[in-house]
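In what follows, a single structure is set out as structure tokens and then discussed.
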Amino acid sequence: MGLIICYDLRFPEVIRTLALEGAQVLHIVAEWPDARTKHWVNLQIARAIENQMYIVSSNRIGMYDGTRFCGNSMVIDPWGDVLKQGSEEMEETLTIQLDLEKVKQVRNDVPIFKSRVPHLYKTGL
């Protein structure tokens, strides 16, 4: 498992590093604002697909100090399918059982990690 906090979602290299180290599930805790709800949802789906891992996120709801938070806690599978999605306004608990064999299957079916050529990438990526 890997864990990131909120804004870290915008840095794909952080999550790729966790995937390369073997993480099959990424947990995200956040206070993501309502003004960027589309970013919150779409970036999570992208990170699930590009790293072939589950994303399990928990985002704040409500208002604080003039900022409204977008909720939409999610569970996304390694294909990018949203398995569960929370409310924008209601506090709730999402539960689901994850099948880690699905991560292995997706990584085997589309072997992106074997296709990488890091020696061709700029240093630091």
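The values are calculated or read from the model by the stated rules, or taken from the named source; none is laboratory data. As the structure is a prediction and not an experimental result, all values here were calculated from the model. Cβ coordinates were reconstructed from backbone atoms using ideal geometry, including for glycine residues, and neighbour counts include every protein chain displayed.
Among residues of the range 100-117 being in a loop (DSSP other than H, G, I, E, B) and surrounded by 12 or more Cβ atoms within 10 Å (Cβ to Cβ), the one that is farthest from the chain's Cα centre (by Cα) is R116. Every condition in (1) modelled with pLDDT under 95; (2) under 15 Å from A19 (Cα atoms) is met by V117 except one, and the failing one is (2).
Pairing residues of the range 104-125 that are under 15 Å from N51 (Cα atoms) with residues that are basic (K, R) and outside any loop (DSSP other than H, G, I, E, B), at Cβ distances under 8 Å and at least 6 apart in sequence or on separate chains, gives F113/R107. Scanning the range 60-71 for residues that are surrounded by 19 or more Cβ atoms within 10 Å (Cβ to Cβ) and in contact with a helix residue (DSSP H, G or I) (Cβ under 7 Å, 6 or more places away or on another chain) returns F69, C70.
Considering only residues of the range 45-71 that are part of a loop (DSSP other than H, G, I, E, B) and not acidic (D, E), which is farthest from G2 (Cα to Cα)? Per the stated criteria, the residue is G66.
Every condition in (1) outside any strand (DSSP E or B); (2) in contact (Cβ under 8 Å) with a residue 12 or more places away in the chain; (3) surrounded by fewer than 19 Cβ atoms within 10 Å (Cβ to Cβ) is met by N42 except one, and the failing one is (2). Restricting attention to the range 1-25, the residues being assigned to a helix (DSSP H, G or I) and within 13 Å of the chain's Cα centre (by Cα) number 12. One residue is enough: does the range 26-34 have a residue meeting the conditions in a helix (DSSP H, G or I) and either of a type outside the set (V, I, T) or buried (at least 16 other Cβ atoms within 10 Å of the Cβ) (or both)? Scanning the range 26-34, I find at least one residue that is in a helix (DSSP H, G or I) and either of a type outside the set (V, I, T) or buried (at least 16 other Cβ atoms within 10 Å of the Cβ) (or both), so the answer is yes.
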